[in-house]
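Working notes, beginning with the structure itself.
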Amino acid sequence: METGKLFLGSKSECKVFLKSRTGYYVYVLRRPDGRPFYVGKGSTSRILNHENEARHVNDRRSNAYKLNVIRSILSAGLGISYEIDSCHGTEASAHERETQLIKAIGRLHEGGPLTNLAPGGGSERGPAPASRAKHQATLSGSPGDNPERAVINAFVNNISRMNSVVIKPSRQFVARQTQSYPNKSMNASVRQAVAISASAASNGILLGADCIIPRKVVVEGIDGLIENGVSCDIVTSGLGSLIAAEHPSDESFHLSSRQADAVIDLIGRQKCIDLGILRPPAEAARQ
């Protein structure tokens with residue numbers, strides 16, 4: 001294994017570097033400020049494929065967090081830094097190093113900056129925040145025999161740990177029309193902001209004035225909806241304005257500049273940037 005940050009530079013420079021390499025390598029994608037957001041293993045031009053993937057609409061199996069970060073960087077007129085961490089003679093060795101790096105840096109739910117859904121080592125998918133066992137004891141008792149609920153909960157947990165369900169698999173509950181609670185007032189909450197942020201991430205939407213946040217999400221091929229109570233809380237608190245539809249799954253929330261700022265304040269600006277639902281500041285490229 002050859003290691004020690006073998007290369008760090010732009011996409012075009014990385015392309016030139018890879019021409020002189022064979023076999024497998026472990027790579028890191030970095031934000032303009034230098035912080036890593038994705039670790040991967042590949043060969044040939046694998047490291048260069050992520051930008052191309054982000055230029056197309058998410059498919060049902062996309063890593064929405066990773067693609068949103070890339071889109072937010074590019075839309076801000078900034079660039080991604082490409083790092084080749086190590087080169088390997090075998091795929092197994094590359095998998096081992098990939099796993100080590102992901103563990104050392106940390107994924108979003110662990111307090112780290114990485115958008116990786118899996119812990120590495122050739123695992124393509126899997127609940128990011130915890131083991132199946134932990135899922136059984138978290139987020140309103142998400143059971144081990146309910147993999148759809150576990151995957152959606154994992155997605156939500158990348159934003160913030162919730163004590164109750166925020167988004168449910170569409171086919172596991174009866175969705176009802178969103179309406180404001182009569183004769184009731186409430187403040188905007190982190191729970192509401194997490195639901196909005198999760199939808200923004202799933203649907204590839206940047207938070208800002210006049211953004212439209214669908215109630216429907218797709219997480220790793222699973223259709224989900226913002227839960228009935230949370231949807232009603234959002235419009236009752238004024239964190240979002242309802243765009244009504246005949247079917248609940250077609251409802252959306254319109255956010256003004258003030259409402260988007262409120263969501264960002266509740267989640268945290270840096271967290272929103274890490275999730276790829278807020279553009280990084282232009283000055284990040286100069287840090």
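Each value in this text was obtained by applying a stated rule to the coordinates, not by laboratory testing. A quick note: this is a predicted structure, and the numbers were derived from the prediction, not measured. Note that we place each Cβ from the backbone using ideal geometry, even for glycine, and neighbour counts take in every protein chain shown.
Only four residue types carry charge here, +1 at the Cβ of Lys and Arg and -1 at the Cβ of Asp and Glu. Report the dipole size of region 2-110 about the Cα centre in Debye, rounded to the nearest 20.
Once rounded to the nearest 20, the dipole reads 240 debye.
Given contacts defined as C-alpha pairs under 8 Å and at least six residues apart, what's the relative contact order of region 132-286, whole-number percent?
24
Could you tell me the largest-minus-smallest coordinate of the C-alpha atoms of the chain on each of the three principal axes, in descending order and whole angstroms?
68, 43, 29
Cut-off under 17 Å on the C-alpha distance; same-chain residues fewer than 8 positions from residue 271 excluded. Which aspartates and glutamates are left, in chain and number order?
Hits, sequence-local ones excluded: 33, 110, 261.
Which of rounded, prolate or oblate describes region 132-286 when judged by the alpha-carbon gyration tensor and an a/c cut-off of 1.5?
Here region 132-286 falls in the oblate category.
Fewest first, what order do 149, 269 take by the number of other Cβ atoms within 10 Å?
269, 149
If you average 1/r over every pair of different alpha-carbon atoms in region 2-110 and take one over that average, what Kirkwood value in Å do you get?
Radius from the Kirkwood sum: 14.3 Å.
Would you please name the GluC sites (Glu not before Pro) within region 144-249 that are DSSP coil residues with at most 16 other C-beta atoms within 10 Å of their C-beta?
246
Output needed: percent of Cα pairs per 5 Å distance bin for region 145-202, bins running from 0 to the one holding the longest distance.
Each 5 Å bin holds this share of Cα pairs: 4, 15, 24, 24, 19, 10, 4, 1.
Quickly work out the residue 92-to-residue 177 label distance, labels modelled 7 Å from Cα along the C-beta direction, and quote it in nm with one decimal.
With each label point 7 Å from Cα toward Cβ, the separation is 6.2 nm.
Once the piece of chain linking residue 20 and residue 261 is laid out straight, how much longer is it, given 0.36 nm per residue of separation minus the C-alpha distance between them?
82.1 nm
Below 21 Å, Cα to Cα, which lysines can residue 19 reach? Residues fewer than 8 away in the same chain don't count.
5, 11, 41
In nm, give the distance between the simple-model label positions of residue 13 and residue 163, each being 7 Å from the Cα along the Cα-to-Cβ direction.
Going from the residue 13 label point to the residue 163 one covers 4.9 nm.
Are there trypsin sites (Lys or Arg not before Pro) in region 52-86 that DSSP puts in a loop and that have at most 13 other Cβ atoms within 10 Å, and which ones?
In loop regions of region 52-86 (DSSP not H, G, I, E or B), the sparsely surrounded trypsin sites (Lys or Arg not before Pro) are 55, 60, 61.
Restricting to DSSP H runs of at least four residues, report the calculated mean residue ellipticity at 222 nm for the chain, -39500 (n - 2.57) per run over all residues, nearest 500 deg cm²/dmol.
-10000 deg cm²/dmol
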